[in-house]
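A.B. asks: Below are the structure tokens for one structure; questions will follow.
The values are calculated or read from the model by the stated rules, or taken from the named source; none is laboratory data. Everything numeric here is computed off the predicted structure, so don't read it as measured data. Neighbour counts are summed over all protein chains in view; Cβ atoms, including those assigned to glycine, are modelled from backbone coordinates with ideal geometry. These accessible areas exclude ligands, DNA and RNA; they are computed on the full protein's heavy atoms, side chains included. Shrake-Rupley method; radii C 1.70, N 1.55, O 1.52, S 1.80 Å.
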Amino acid sequence: MRFTFTIILVLFLTCAMSAQGTPPSDPEPSTIATVAVSGTPPAAPAPRIQQMKNLIRTRVRQAIDGNPYPLLQDWKPLTARQKFDVFLHSTYSPHTFLNAGIDVVANHIKGRDRNIEYETGWRGWGQHYGTELGTSESDIFFQQFLLPTLLKQDPRYYRNPDLPFAKRALYSMSRVLLTRTDSGGQAFNSSKILGAMASRALSDLYVPGQRQGLHPLTGCISFNLLRDAGMNLVHEFWPDARRKFLHR
């Protein structure tokens, strides 16, 4: 009995030692030193305030420089997909946000912002700007994609620097009433007029306290045409002014 117990104990110790195996060898100090020296610490990110300053500076420079509108001699017709791309680009264009701001200021001058549905102070200005921005977005949907696609008209503006100054100014302002067709001719800019009417009629559904009817509608469209005519003047002459005064 004692002999059997001794054999079992010896076998148990042998199995335990074989299961433990040999311990892994420690890495050489030279290897650790090589790994520590070879890697370079990542550069510390710029402070958040500095990042914001750089972003604002870049946006301001882009807004000042801008991309000049294409020349009339480079005109080519657009497909329906390309008109949709023009609409998408216009949704986040600075001109869309600027037009909304102009409408807010104009409504304030006319007294249209005195609406009991809006709050007072800066929150009321923010609500007013939000509704005008929504209307501007619907404007570009109707005027630069849907109706130009259905009526086969070109929604873009083309510069014509070959004309004399007076004729050039008249040309730029007349583009709110005249536009190019997909076939290359000229036609009444029904896409802009009908698109503005559709957008303003749609805004009656979500703008609080807005007067409805034909008279307010024609007043808004007339102001929008004058605003767009002024923006066409900026698009036409700004590249020349930038090159002359800013040397860009």
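A.B. asks: Taking K and R as +1 and D and E as -1, what net charge do the other residues with C-beta under 13 Å from the C-beta of LYS83 add up to?
C.D. replies: Cβ neighbours under 13 Å give a net charge of +2.
A.B. asks: Could I ask something else about it? Compare the peptides 83-96, 190-203 by average per-residue count of other Cβ atoms within 10 angstrom and give them in order, highest first.
C.D. replies: 190-203, 83-96
A.B. asks: Working with all protein chains in place, sort TYR157, TYR69 by solvent-accessible area computed with a 1.4 Å probe, largest first.
C.D. replies: The most accessible residue leads, giving TYR69, TYR157.
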